[in-house]
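Chemist: First, the structure itself, so that you have it in front of you.
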Number of protein chains: 2
Amino acid sequence: MSPKPADPAVRTGLIEAAARVLAEEGPKALTTRRLAHEAGTSTMAVYTYFGSMDEVWHAVRKEGFARLVAHLDATADLTDPVAGLAAGGAAYLANGLANPHLYRAMFLERHEGPDAGNDTFQRLVDAVRRCVEAGRFRQVEPIRSLGWAVQLWTMRHGMVSLAIAELLPAEHLPLHFADMSQCLFVGYGDDPEAARRSVDLAMRDHWPAEPANAS
Amino acid sequence: MSPKPADPAVRTGLIEAAARVLAEEGPKALTTRRLAHEAGTSTMAVYTYFGSMDEVWHAVRKEGFARLVAHLDATADLTDPVAGLAAGGAAYLANGLANPHLYRAMFLERHEGPDAGNDTFQRLVDAVRRCVEAGRFRQVEPIRSLGWAVQLWTMRHGMVSLAIAELLPAEHLPLHFADMSQCLFVGYGDDPEAARRSVDLAMRDHWPAEPANAS
DNA sequence: CATTGTTACACAACATTGTTATGCAAACTG
DNA sequence: CAGTTTGCATAACAATGTTGTGTAACAATG
């Protein structure tokens, strides 16, 4: 009574192929036929493992979030929480710039299904809380420190978005990021000089040398 | 030898119809046939007045930029340049939130042709320079004050983008915007209390009561 | 081991997209 | 008024996502 079992390798192969085509040739190239051909199968496989092309995109985004989280976790675990915050931002930027099409699919398009990118935001909230607990940021009501996390996400997302849309030249991005981070961190804490040093530290030692490929 | 002249009303009608369909039903609904039907003509008209659907999108973006500029110019001409900067940001946010699909087409998608959204950026640069000249922001080398404009654009664009993607609830946006603006302005100048007052003034009196429709 | 039922998926058909022929009527030129 | 040039309605075409149709493979059962 049990039929031919679904091969999970086919599914992962489809996702990998989709991610590869998306990264190399952009969203217009990611069609059913192209995807099937790239994965060495037929279009029907797409519809057995995913119900529709939308589901394929959903899976690709999920994969992208996993890669982003891995990338963020790979940042050096600095003892200075403020420097760690800056380093995390730098990693976020590098990841977005290295995978523009994927970033666009993850954060720039509207989808129906509840897409959890919020996991990465939670990390940001935690990182901010660590700065507060270490006495580097002012002790404020939680709603306000959560607002700081929102502001930092706004900065990161805004810079990546503008750079991806080629509205900002990517080569000046590190400078803008450092200046803006510093300005915000100074505002969040009571020791401007310490904030400055933390950002300098993060930018000097932990800015990804080359755009990290999201493997 | 001169034939039937092209009616400019048809062209503007097509652009208006395109903008309307885009605003009401999103980019997926903006198809050639739908557009032609909506404008009371046939698909061929689209190809006589615009060479392709891409050109239609280009025209829609151009229209969107014109509306945005008009919207920004409609902000009260405050004597306080810092408050004016904040009010301009509020207008930018309101415009983006009121026309999410249009904003997406203008700033969130990549296009080949050189699309000038830079006119609005120039206004931002000028507004920052006015603050410097009024002594409200520190006197720094031009490259650095231009960086401030980039930072402010990053903030505005980041907030609109996150809100449009429904990653941030829109109701808290004014609060985040005010806090972040204040933080940055304090960092740019030497008088924190004055910066605070300017932002309060702008938010109290010049936050658009209801999302301004980009008419 | 043969049978049988179920499932993966290759192949081909269908609706809808942007775009391109085709044709015709209108309007300006002479 | 004749001629020609252009706007645009109609219909055809390639490529898209999706859905039938059929077949082969696999597991369970006798």
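Chemist: List the extent of the Cα atoms of the protein assembly as shown along each of their three principal axes, largest first, rounded to whole Å.
Modeler: 70, 63, 35
Chemist: Leaving ligands, DNA and RNA out of it, work out the accessible area of A:Glu109 with a 1.4 Å probe and give it in Å² to the nearest 10.
Modeler: Its accessible surface works out to 70 Å², give or take rounding.
Chemist: Oh, and also: Report the FRET efficiency, 1/(1 + (r/R0)^6), for A:Glu166 and A:Lys28, where r is their Cβ-Cβ distance and R0 is 22 Å, rounded to 0.05.
Modeler: 0.85
Chemist: Keeping every protein chain in place, order B:Thr79, A:Thr32 by accessible area at 1.4 Å, biggest value first, i.e. largest first.
Modeler: Ranked list, largest accessible area first: B:Thr79, A:Thr32.
Chemist: If you count only protein heavy atoms and use a 1.4 Å probe, how large is the accessible surface of B:Asp126, to the nearest 10 Å²?
Modeler: 40 Å²
Chemist: At 1.4 Å probe size, with the rest of the protein present, what percent of the exposed accessible area of segment B:60-206 is carbon and sulfur atoms?
Modeler: Answer for segment B:60-206 is 50 percent, counting heavy atoms of protein chains only.
Chemist: So what's the net charge close to A:Ala149: Lys and Arg +1, Asp and Glu -1, counting the other residues with Cβ under 11 Å from its Cβ?
Modeler: That sum, taken over residues with Cβ under 11 Å, equals +3.
Chemist: Continuing with the same structure: How long are the three semi-axes of the equivalent ellipsoid of segment B:60-206, in whole Å, if each is the root of 5 times an eigenvalue of the C-alpha gyration tensor, listed from largest down?
Modeler: Ellipsoid semi-axes (Å, largest first): 25, 18, 14.
Chemist: Taking the full set of protein chains and a 1.4 angstrom probe, give the accessible area of A:Cys183 in square angstrom, rounded to the nearest 10.
Modeler: Accessible area, nearest 10 Å²: 20 Å².
Chemist: As a test of reading the structure, rank A:Trp207, A:Trp148 by solvent-accessible area (1.4 Å probe, protein chains only), most first.
Modeler: Greatest to least solvent exposure: A:Trp207, A:Trp148.
Chemist: Still on this structure, please answer the following. For chain A, what's the relative contact order in percent, using C-alpha pairs closer than 8 Å and at least 6 residues apart?
Modeler: The normalised contact order for chain A reaches 24 percent.
Chemist: May I pose another question? Run the numbers on segment B:1-95 and let me know its relative contact order in percent, using alpha-carbon pairs under 8 Å that are six or more apart.
Modeler: For segment B:1-95, the relative contact order is 19 percent.
Chemist: Counting partner chain Cβ atoms within 10 Å of every residue's Cβ in A:162-169, what's the average?
Modeler: Whole-number average of other-chain Cβ neighbours for A:162-169 is 5.
Chemist: Between A:Asp119 and B:Lys4, how high is the FRET efficiency from 1/(1 + (r/R0)^6) when r is the Cβ-Cβ distance and R₀ = 41 Å? Nearest 0.05.
Modeler: With a Förster radius of 41 Å, E is 0.10.
Chemist: Right, next: Just to confirm the numbers: A:Gly40, label point 7 angstrom along the Cα-Cβ line, distances to the other copies in nm, shortest first?
Modeler: Here the equivalent label points are 5.9 nm apart from this one.
Chemist: Also, quick follow-up: List the distances, in nm and shortest first, from the label point of B:Arg130 to the matching label points in every other copy, placing each point 7 Å from Cα along the Cα-to-Cβ direction.
Modeler: Going from nearest to farthest copy, the values are 4.3 nm.
Chemist: Please compute, for peptide A:184-194, the average count of beta-carbon atoms on other protein chains lying within 10 Å of each residue's beta-carbon.
Modeler: Per residue, the average neighbour count from other chains is 2.
Chemist: Are there residues in segment A:126-158 whose accessible area shrinks by at least 40 Å² when all protein chains are included rather than the chain by itself, and which are they (probe 1.4 Å, ligands and nucleic acids not counted)?
Modeler: Residues of segment A:126-158 that lose at least 40 Å² of accessible area once the other chains are added: A:Arg144, A:Val150, A:Gln151, A:Trp153, A:Thr154, A:His157.
Chemist: Using only Cα atoms, tell me the angle between helix B:81-98 and the longest principal axis of chain B; keep it within 0 to 90° and round to the nearest 10.
Modeler: 30 degrees
Chemist: For segment A:93-110, list whatever residues lose no less than 50 Å² of accessible surface once every protein chain is in place, relative to that chain by itself, with the probe at 1.4 Å.
Modeler: For segment A:93-110, once contacts with the other chains are taken into account, A:Arg104, A:Leu108, A:Arg110 lose 50 Å² or more.
Chemist: A:Thr48 to A:Asp126: FRET efficiency via 1/(1 + (r/R0)^6), r the Cβ-Cβ distance, R0 45 Å, to the nearest 0.05?
Modeler: 0.70
Chemist: Another question, if that's okay. What residue in chain A has the Cβ closest to the axis turning A into B, and how close is it in whole Å?
Modeler: So the closest residue, with its distance, comes out as A:Gly158, 1.
Chemist: When ligands, DNA and RNA are left out and all protein chains stay put, how many square angstrom of accessible area per residue does the protein assembly as shown have with a 1.4 Å probe?
Modeler: Result: 50 Å² per residue.
Chemist: Let me ask another. How far, in degrees from 0 to 90, does helix B:53-73 lean away from the longest principal axis of the Cα atoms of chain B, to the nearest 10?
Modeler: Approximately 40 degrees, to the nearest ten.
Chemist: Below 27 Å, Cα to Cα, which lysines can A:Lys28 reach? Residues fewer than 8 away in the same chain don't count.
Modeler: A:Lys62, B:Lys28, B:Lys62
Chemist: Expected output is a single nm value to one decimal: the length gained when fully extending between A:Arg110 and A:Ala134, i.e. 0.36 nm times separation in residues minus the C-alpha distance. What is it?
Modeler: Length difference between fully extended and current span is 4.9 nm.
Chemist: Just to be sure I understand: if you take the accessible area of chain A alone plus chain B alone and subtract the pair, with a 1.4 Å probe, what total do you get in Å², rounded to 100?
Modeler: Chains A and B together bury approximately 3000 Å².
Chemist: Here's something else I'd like to know. What nm distance separates the two modelled labels at A:Asp77 and B:Lys62, each placed 7 Å from Cα along Cα→Cβ?
Modeler: 5.7 nm
Chemist: Further question: Would you mind listing the distances between the A:Glu141 label point and the same position in each other copy? Use 7 Å along Cα-to-C-beta, nm, one decimal, shortest first.
Modeler: 4.3
Chemist: Show A:His172, B:His58 ordered by accessible area, largest first, where the area counts protein heavy atoms only and the probe is 1.4 Å.
Modeler: A:His172, B:His58
Chemist: Restricted to Cα positions, what overall size does segment A:1-51 have along the principal axes? Three whole-Å values, descending.
Modeler: Computed over segment A:1-51, the largest-to-smallest principal extents equal 43, 17, 16 Å.
The values are calculated or read from the model by the stated rules, or taken from the named source; none is laboratory data. Computed from a prediction, not measured in an experiment: that's the story for all the values here. Virtual Cβ from ideal backbone geometry, glycine too; neighbours counted across all protein chains shown. Quick note on the areas: whole protein, heavy atoms, side chains included, nothing else; ligands and nucleic acids left out. Shrake-Rupley method; radii C 1.70, N 1.55, O 1.52, S 1.80 Å.
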